[in-house]
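The values are calculated or read from the model by the stated rules, or taken from the named source; none is laboratory data. Keep in mind that what you see is a predicted model, and the values were worked out from it rather than measured. When we count neighbours, we look across all protein chains shown, and the Cβ atoms used for this are built from the backbone with ideal geometry, even at glycine. With ligands, DNA and RNA removed, areas are computed over all heavy atoms of the protein, side chains included. Shrake-Rupley method; radii C 1.70, N 1.55, O 1.52, S 1.80 Å.
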Amino acid sequence: MKRITIAIDGHSSCGKSTMAKDLARTIGYIYIDSGAMYRCCTLYALRHGLIDAHGRINETELERRINTLQVGFAYDAGRNISLCTLNGDTVEGLIRTMEVSAHVSPIAALPFVRRAMTAQQQAMGREGGIVMDGRDIGTAVFPNAELKVFVTASDEIRAQRRYDELRAKGEECDFDSVLANLRERDRIDSTRAVAPLRRADDALILDNSHLTIEEQKQWLLDRYAERIAD
Ligand code: DC
């Protein structure tokens, strides 16, 4: 059976990763969370003092070091999840904090960061058999992907999901800040000059505001089955 490339793009916290991950597991494909890669760059910049207290980025230094950042995904068989690694260290928990979320969009808007991450993503998908989610997968990373989906849901529903996720992990946060952060990220992601968040012309739209995880999963599996049958 042919192994295709599946691109899943959409707004932040719209449940893309959950559905992409589920699909990859069900059909035996590799799953790559491209947002995690931009989060790794942000974590690196924060850890190395390349973002100051006002949020200003030391672009010159980050650009000088960008090619030393190698992002990977290690499979944890015990928990049946893939963990993001930065230069070999597992950073899965560290990249999901509100601090990283607050700084990631400006980092992801830097052309040299996008170039470096896009090259790593394209290398990961060279053989096909991959499900990748993000903002520009169907438009810039894999413009020839056989199946492209653009996922969205209302701002409030997305913020509530993100809020629940953070609280479940024990992180202190309030709903209004989560909503404001999500809107600000969407604004930056959609208006940046390089590879902005937008629906590819040939992407299918999925508004999952009122769908259960099971319903989304089935919808995506059906679309995959259609493409494979083509
Ligand atoms: O999906 P996420 O919230 O983990 O993504 C983190 C940030 O990275 C988000 O602000 C958008 C950016 N991003 C991007 O610019 N391009 C991608 N392909 C994936 C994420």
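Can you give me the ranges of the helices (runs of 4 or more DSSP H) entirely in the stretch 139-230 with at least 3 residues that are hydrophobic (A, V, I, L, M, F, W, C), open to solvent by 50 Å² or more (accessible area, probe 1.4 Å) and without any contact (Cβ under 8 Å) to a residue 60 or more places away in the chain? Steps first, please.
Details: elements: 155-168, 175-191, 213-229.
Helices (runs of 4 or more DSSP H) meeting the threshold: 213-229.
For the stretch 113-137: of the residues being open to solvent by 20 Å² or more (accessible area, probe 1.4 Å) and assigned to a helix (DSSP H, G or I), which is farthest from the ligand (Cβ to nearest atom)?
Within the stretch 113-137, the first condition is being open to solvent by 20 Å² or more (accessible area, probe 1.4 Å), and the residues that meet it are 115, 118-120, 122-124, 126-127, 135.
Next cut, assigned to a helix (DSSP H, G or I) only: 115, 118-120, 122-124.
Numbers: Arg115: 12, Thr118: 8, Ala119: 13, Gln120: 11, Gln122: 12, Ala123: 15, Met124: 12 Å.
Among them, the one singled out is Ala123.
State whether the residues of the stretch 57-68 include one that is among the charged types (D, E, K, R), touching a helix residue (DSSP H, G or I) at 6+ places or on another chain (Cβ under 7 Å) and open to solvent by 40 Å² or more (accessible area, probe 1.4 Å). Can you show your working first?
Step one: filter the stretch 57-68 for residues among the charged types (D, E, K, R), giving 59, 61, 63-65.
Filter once more, keeping what is touching a helix residue (DSSP H, G or I) at 6+ places or on another chain (Cβ under 7 Å): 63.
Subsequent filtering for residues that are open to solvent by 40 Å² or more (accessible area, probe 1.4 Å) retains 63.
Within the stretch 57-68, one or more residues are among the charged types (D, E, K, R), touching a helix residue (DSSP H, G or I) at 6+ places or on another chain (Cβ under 7 Å) and open to solvent by 40 Å² or more (accessible area, probe 1.4 Å).
Looking at Thr60 and the list (1) away from the ligand (no atom under 16 Å from the Cβ); (2) farther than 22 Å from Ile188 by Cα, which single condition is not satisfied?
Thr60 satisfies all of (1) away from the ligand (no atom under 16 Å from the Cβ); (2) farther than 22 Å from Ile188 by Cα except (2).
Within the stretch 9-31, can one find any residue that is of a type in the set (Val, Ile, Thr), closer than 20 Å to Asp133 by Cα, modelled with pLDDT of 95 or more and within 14 Å of the ligand (Cβ to nearest atom)?
no
Looking at the stretch 32-49, which of the residues that are free of Cβ contacts under 8 Å to residues at least 60 places away in the same chain and open to solvent by 20 Å² or more (accessible area, probe 1.4 Å) is farthest from the ligand (Cβ to nearest atom)?
Residues of the stretch 32-49 free of Cβ contacts under 8 Å to residues at least 60 places away in the same chain: 36, 40, 43-44, 46-49.
Filter once more, keeping what is open to solvent by 20 Å² or more (accessible area, probe 1.4 Å): 44, 46-49.
Numbers: Tyr44: 14, Leu46: 14, Arg47: 17, His48: 19, Gly49: 21 Å.
Checking each candidate, the answer is Gly49.
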